[in-house]
Structures are given as C-alpha cells and as structure tokens.
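Notes follow once the structure below has been shown.
Please treat every number below as a calculation from the coordinates, not as lab data. All of these numbers come straight from a predicted model, not from anything done at the bench. Note that we place each Cβ from the backbone using ideal geometry, even for glycine, and neighbour counts take in every protein chain shown.
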Amino acid sequence: MAIERYNPRRTEARWQRVWDEREVFKAIDEDPRPKYYVLEMFPYPSGKIHIGHGRNYVMGDVVARYKRAKGFNVLHPMGWDAFGLPAENAAIERGIHPKGWTYDNIAAMREQLKLLGLSLDWSRELATCDPAYYSRQQKLFVKMFEAGLVERRTSLVNWDPVDNTVLANEQVVDGRGWRSGAVVEKRELAQWFFKITDFADDLLDAIGTLDQWPDKVRLMQRNWIGRSEGLKFSFDLVDGEGVQMEENLTVFTTRHDTIFGASFCAVSPDHPLAKDLGARNEEIAQFRRDCAALGTSEEAIERAEKRGVATGLYAVHPFTGARLPVYVANFVLMGYGEGAIFGCPAHDQRDLDFARKYGLPVLPVVAPKDEPDLEVGDEAFTDTEGDAVRLVNSEFLDGLSVPDAKEEIARRMEASGRAERKVNYRLRDWGISRQRYWGCPIPMVHCDHCGIVPVPEDQLPILLPDDATFDRPGNPLDHHPTWKDVSCPKCGGAARRETDTMDTFVDSSWYFARFASPAADDVVDSALMDAWLPVDQYIGGVEHAVLHLLYSRFFTRAMGRVGFGAIREPFKGLFTQGMITHETYRDPDGRWLFPEDVERQADGSVIVKATGLPAKVGAPEKMSKSKRNVVSPETILETFGVDAARWFMLSDTPPERDSEWTESGVEGAWRFTQRVWRLVGQVIELVPEKIAQPAEFGDEALALRRVAHKTIAAVSEDIEQLRFNRAIARVHEAVNAWGDQVAKLHGAPGPDMAYALREMAETVVRVSAPMVPHLAEEAWEALGGEGLLALAPWPQAEAALLVEDEIVLPVQVNGKRRDELRVAADADQETVEKAALELDAVKRALGDRPVRKIIVVPGRIVNVVG
RNA sequence: GCGGACGUGGCGGAACAGGUAGACGCAAGGGACUUAAAAUCCCUCGGGGACUCCCCGUGCGGGUUCGAUUCCCGCCGUCCGCACCA
C-alpha cells in the first residue's frame, strides 16, 4: 500500500456517516450490559460555538468511547438549555422572534457539534424551550406545589433594572446582575419560591456521600448551605422612661455563651421594629432609606462601615436586668436569623467596630486560661477552642468552657420559656419568578374568589403565545392583550394567568433525568430514570459548582417526593474542566482583533495584517466574543481535522486547569496524526497480513511488545482517572518506541518482529481511539481489523509483559545518585549490595570512608551510606 | 476578613504510596536529505565548572529521614470561592 497523507476531511466525514447510519451510539433501554451515563452540561444555544466550547464535550466523549469499549451500555445524550434572556434581547434589538432565533441557533450549533465527531445518542435530543419539555416541567411544578414544595410569598428581591427582572441571590455577583452587570436594587414583590431549605440538612449531609466530586465543589456547597446551630431568644423591651413595652425583641445567636458581654442590641433596617419606628421618627426613616439605596452593591460591601441609629428603646438583659440600647444598624441582615442581634463587642469584630464608633462598653467574657484579665483593643477575641479558654465576668458561667457555657445558657433560657435551640442556614429558598417572556410559564391562575389555583393536569401545557411583542420594557406576557385572561379552573369565573415565567435554572435542574426517557408522556418514566441514573460522570464548568448543581440535587429529592424516581443523588461523579484560553490582540488604537487578523513575525513580535503596525498582545484569557480571542472550529477542522483538535485539547494541560490554545500546539497534534498514519502504512507494507503469534521472541521484539502492553495498562488507568494529558503522553512514548524500531529495521522483519510491529500498530490505534476516533477507525480498517473499532472491545494488557525480568536500579551514595545497576528483577539483597559496592562511581564517591550501611529498596533504589 | 488550592526548565507540564527531578509536548539551536522549500529523520536543550567527571537546582528559611518536589513548622507569592450569615 502506498503511503498517502492522511486526509482528515474525507476520513472524518466518512466515519461520521457510518457511525450515524449504523446507530453505533444509541443507548439501549433494558440491556443486559451494565449501564454508564456520561453527560456534559448542556449548552445554551447562543449561536456559533468557538473551539473553546468543545473541550468538555470532547472529554465526555473520550469517557463515553472508552466505557463503551469496556463493555458498558453507554448513555451519552445532548440537549439545549434553550430558554433565557439573550433570545429576548435579540427580539428587542433586532426584531427577531425568540423562538426563531433559538431554533436557528440550535440548528447551527448542532451542525458544529456534529463536526466534533462526538459519540452522542442524538435520538434523545431535547430543548427546554420545546413544549414537549416544558409541559412536563409544568406538570412537575404543579405536583411540587401540591406537595407543599412551592410557595408564593412577598419578599425583598434582587431587582435587575436593566433586565427588568428578579434575580436569585446566587445570580447576584458582587452586587450586580450576573448577566446584565447592572447594580441590583432591592424591591418587595410577591414571588414564587421553591422550598429548597426544606432539604437543607439532607443536601448538606449527603455531600459526604459524593466521594467522586472535587473537594473544592463539596466545600463550596457546604459553605453555601452554611448551617449553624444556635439559640433564638427574646429580650423584654422598655422605652426611654423605663416603661415595659408590649413587644419584645427576638434575636438569633450562636454565641449565647457571651450573653454577659452584651452591650447593645441591633435590628436590621428592614426589621418590622425599624419600619414601625421609622414611621414616627424621621432620623430612623432617613437611615432606612440610605441603607436601601446602598443596596447590595460592591461599593457598599467594600466600604463596610458599621453605622447605626439609636432607637431610644432598651432591651433588658435576661440575667442582669441591665438595659442595653437598641439600634437600627446597617450590618444586620433581615434575611438571616431573626434580623436582630445582641452585640458582644469583645468577641465579635463587627460588634466591636460598632461599639468603638458609638462608645459602647467592651467587656471580655471569654479569655485564655493563662490570661484571665484579657484586654480587647481593636481586635475581637474569637477563640473558642475547648480547653484553652474559659468564661470570665459571667456570674454562674465563670470558669466554664465555651461549649459548656452555651449548654448552660441554653438550658436555663429554655427552662424559662424565652428561648429555643435553632438551626439556621445561609441558604435561602429559591425564588424562581422572572418577569420575562422566553421561559417556562408558571402554571397558576389568580382568581378573585378562589385565590391562587394551580392549572389542572388536563389543562396543561400552558403554552407561550407566539404573538407576543417586545417593543416596550417589562414582561411581554403581561402586555399581551388576551393571553392572561382565563376562567378559574375551580369556580369558572374570570381570572388571570400568572404571567411570571420560571428561572431558567429550573429547566436545567432535571434535564438529565428526562434524557433517560425523552419520549415519556409523564414527567419521566420512573423505572427508566432509576435504571439510568445517577449520571456516572458529569462534566462541566466550575462556575456551576453551587447554583446548577445544588438546584439539581434539590430537584432530584423533590422529584422523589412527588413520585418520580427513587435515586438520592443525580450526579455520582463530577468533573469540573478548565476553560480554553487564547492570547488577546489589539491594534494600536486599542480595538480588539481576531487571531486571524494578526501575524507573528520570525522575531516573535506580532503585527496587524492589514496595516503592518505592531499589535498589542495580551495574556491568555477565556475565549470570548467580546475580546475576539476566539478560534472557529471550521477553520481548524478544515486545516488539521477534528482529531488533531481533539488531541490538542486533551494534551499537555491537566483537564481541570485552563488550557491555552496555540497554533503551534494544534500543529504538533496534527503532526502526531500524520505520524501515526505513516507508521501504520509502513507496518502494512512490511507486514501485509495478520500473522500468528510466534513461540519465541527476540530481545527487540519482546521489548516492543512490552511497551505496547504497558501502554495499554497506563492509558486505561489514565482515562479511568480522567488524566487525559498523561494518557496522551503515554501514547506518544509508545509511538516514539514504535517509530524508532521501524527506523532501525533493515530488510524484512522476522516473524517475531513482524508480529510485534502489527501488535504495536493495533495497540496505538486502539488506545488512542477515544481521543482520535476517526483516524483510529480509518487505521483499524487499513490494518484489517474486524468490524467497526467504535464497537470493538478495549485491548487487554498481558500481565506477563508488564513485568521486566531485568531492571535498572539507581545507586546512591549518601543520598546522591552516582550510577545505576542492571540486575535481575528478583536479585536478592546480598547480590545487589555486592554489585553496588563494585561500581567505580561508588568507590570514587566513598573515597576512604568505610561503608556504614547499605539500604536496598527492592525494585527501587540502592543507597550506600558512608 | 474567613475558607480553600497551588508555586518544578524559555513555555504547558510529568514524577505510584518518601526512592534516578524535568517523562511527554511546544518553542529554540545545530545537522542530514533536497536545485530549493515543505515534510521527514538525527543531535543538543535547568544553571555553572577544571565538561568521560564534579558542584548547584522543584518560591524562601528551618526540621524529620539513609534519602524530601513529596512529610512537618515558619515566611513570601499567585489563583479561586464566600464576603457584614450574628
């Protein structure tokens, strides 16, 4: 066979067609093989993808192809996270309907993804904006409502004034909307909530079972849920004249041990008491307005100055009867605990800052054992360590440890009926109302007679109207002339539809379950859900470490509660991959340039192609359209082929880290594909037919076989651990050994070498197949492999070839390497010691010092101590 | 501020579980082949020296050990998450 250049364009198209026609990647329900579900976080169809988007799909594809070869029934589906604001913005800015815009984008991106040669089961494809999907979501919503997991209530919300919508806390980043970047305001609105806090403890505890998740993500979820155990209790209040008031003041604390150090109380500006007083007191009213205006902006947080206004009221200390001034303070949050605190300045930095500013007493009540007269300056003393600190200045608590003091206070206050133990979470319920068109309509009706009524199942789905208009701010569903007019499902009277749609995070909280039964008439087919789930390997960006993953874990529980599936956790294994980055380029005027607009000169400098002027080169950053540092897949695929792109994306950098896209890197990957193809051709020329395994192997042939089998073992191990960069290095090593051997041959190889060469060719092709599937399939065919490689089992390493019978032992003298020793692998200690001492380098290094000790670590090292 | 991760050649990175530091790739330099170029192949590639040999070297300073990139203590630096959560 003549050695031809490998032509990726022709080959890739051909095999993609064959795989497609033979439905090679279809996941089969009710199959005897063990199942394996691998899933990459599904994309938002924003239009065209750049090569940086491909990395996580390629990683998932390597796993899918590997597991398939390992004998698993693999489910590897793809879908579209298709609701969301950009579609609506396109409608507003360019007059394109969100539906058309979205489906066009999906079609374009599907074509692009197909070019990557992913082994996906496209028959399960879904789009969240498809009524077939969101109608089931509405049904699930109603079931959750009936199960008490959905609530409507008025609350302070994060209002994005640019997108004109409500944002969840998680969607506010540094006081700004996560998508619009606008400074978020606080507003009070009636909203729909999922009661995720009902599951707070379970979501927290079960993190312990997620042993195939990155520690980092588990920690982030723990911190996000933020469980803390404390005490809720109330103070009696008196006015300025000392007259007892009707109300009292309930606070939450985790440091009830410090109650004797309390010197003030403070309530949030949004606390009912503050509102009440604000109605009568202009100073407090003004302060409340100031705080609201400051909102949650980054600036406010950075300034973080503790401020407050005295209310003129006093809280009565439950043990001493002392009167503690009550303030309205900006650093007390209404959303956490009771929105009110007692301040113990000596042991809390915030309280201390506040006390110093307003001249309040600072009395230490916890002190190190050996320093009972602790003085507190500008730093609060926050140690609580079991034995090292003791209570002081605290009457009956003196001398107790912090935990004992907490227990004693809790016991006494509970007994007097003014306190209860309480667990608080940082996690809040999930507000899902969005004042938007392009989302899943919330299937509820507002009736003046019956109140809020869920839409009965037989009246679902509530479809979005196609004739919405986008020419003014606010919610198009609300503006629609007729859509919201309905009759009440209960009394039949005139009523209004809910015009809020759901947060798009709802859509992505159960899609992985829908993939198990994409055609199910019900929300899901529970039997199939339980058969396919959990997802064995989920792959996506770390930016979803909290939001999406926590919501999905909640949904899995909620679905279980309303009768869908019985799994506990949706994602058994999680992998967070790094981004692909690229250098940025700007022309002398500072405008961003695409990589193809610049050229690198021989001296390494970069010039603007159009003008010849020097370009400003910026550090590698995540590929983004706005900075134009993107590379389109089409360009790469036409030049180098998708296998080279896949190979490069997986090389060099560990998959969890960001990886820089470079032209020279892809070229290197392309050289690799060419080299393998060439070597395969050479082997076929040297050994045209498959030959039987000879009984005897010479040293060289045996050595080559050893490399092949060690490569199988190493690559398998690396792929199992998702260490793709290492797997690729191992394949390179094998190819180097293979190429060296081919170059060394003079004349026709003997039967042993002929066998070893073919074995090596097949091995390299098979173990690199998950990474470069098209090249591998083509080479497999050329080598006369049976059937499709995509369906072939994974090669097995022969154990006998993994162990050497002769090994090289490094020899150290006093811990420094001096020489090495070739010995039989099973050589005994005495033989090794003797041989080591014979070495010239060892004698030289020892000089005239006597040998004091020889350490022999079998199979590892020899160290002569002199 | 709190929590976490990480610091290895010119670059990306490797090094099982304390045992030859720098695998593999990229870049660079030299050579072969060619009329020439591309492609390919061979060699060099942490620093230094008296260069078949020796010294230094995994952010810095200590420690444990026969032996430390790996373990411990203390610094310095970078990145990430949370950010008034009582």
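Worth a mention:
- Database remark: amide H of A:GLY573 closer than 5 angstrom to the amide H of A:GLN537, A:TYR538 (H placed geometrically; neighbours at sequence offset of 5 or more, or on other chains; Pro and chain starts carry no H).
- Estimated inter-spin distance, A:ASN736 and A:SER487, nm [label 7 Å along Cα→Cβ]: 8.0 nm
- Cα-based reach from A:LYS609 at 19 Å (exclusive), listing aspartates and glutamates while leaving out same-chain residues under 8 positions away: A:GLU583, A:ASP587, A:ASP589, A:GLU596, A:ASP597, A:GLU599, A:GLU663
- DSSP-defined antiparallel bridges as percent of all bridges, segment A:227-425, nearest 5: 90 percent
- Placing +1 on the Cβ of every Lys and Arg and -1 on the Cβ of every Asp and Glu, with nothing else charged, gives segment A:806-865 a dipole about its Cα centre of roughly 420 debye.
- Rounded, prolate or oblate (a/c below 1.5 giving rounded, otherwise prolate when a/b exceeds b/c) for segment A:659-801 by Cα gyration tensor: prolate
- Fraction of antiparallel bridges per DSSP, segment A:806-865 only, in percent to nearest 5: 80 percent
- Exposure proxy ranking, count of Cβ atoms within 10 Å, fewest first, for A:TRP661, A:TRP122, A:TRP19: A:TRP122, A:TRP19, A:TRP661
- Entry note: segment A:806-865 has Rg to Rh equal to 0.93, where both radii use alpha-carbon atoms and Rh is the Kirkwood radius.
- For a straight C-alpha distance cut-off of 16 angstrom, the aspartates and glutamates reachable from A:LYS490 (same-chain residues fewer than eight places away being disregarded) are A:GLU146, A:ASP448, A:GLU457, A:ASP458, A:GLU498.
- Among A:536-543, A:336-343, sorting by the average number of other beta carbon atoms lying within 10 angstrom of each residue, highest first, gives A:336-343, A:536-543.
- Protection-proxy order for peptides A:708-719, A:433-444, each taking the mean of Cβ atoms within 10 Å per residue, highest first: A:433-444, A:708-719
- Cα-based shape type of segment A:232-298, given that a ≥ b ≥ c are square roots of the gyration tensor eigenvalues and the cut on a/c is 1.5: oblate
- Among A:91-98, A:628-635, the peptide with the highest mean count of other Cβ atoms within 10 Å heads the list, and the full ranking is A:628-635, A:91-98.
- Rg in Å to one decimal, and Dmax rounded to a whole Å, for chain A via C-alpha atoms: 34.3, 111
- DSSP bridge analysis restricted to chain A gives an antiparallel fraction near 80%, rounded to the nearest 5.
- Whichever lysines have a C-alpha closer than 25 Å to that of A:LYS70, once near sequence neighbours (fewer than 8 apart) are set aside: A:LYS26, A:LYS35, A:LYS114, A:LYS572, A:LYS690, A:LYS710
- Inverse mean reciprocal Cα-Cα distance (Kirkwood Rh) of segment A:245-393, Å: 16.1 Å
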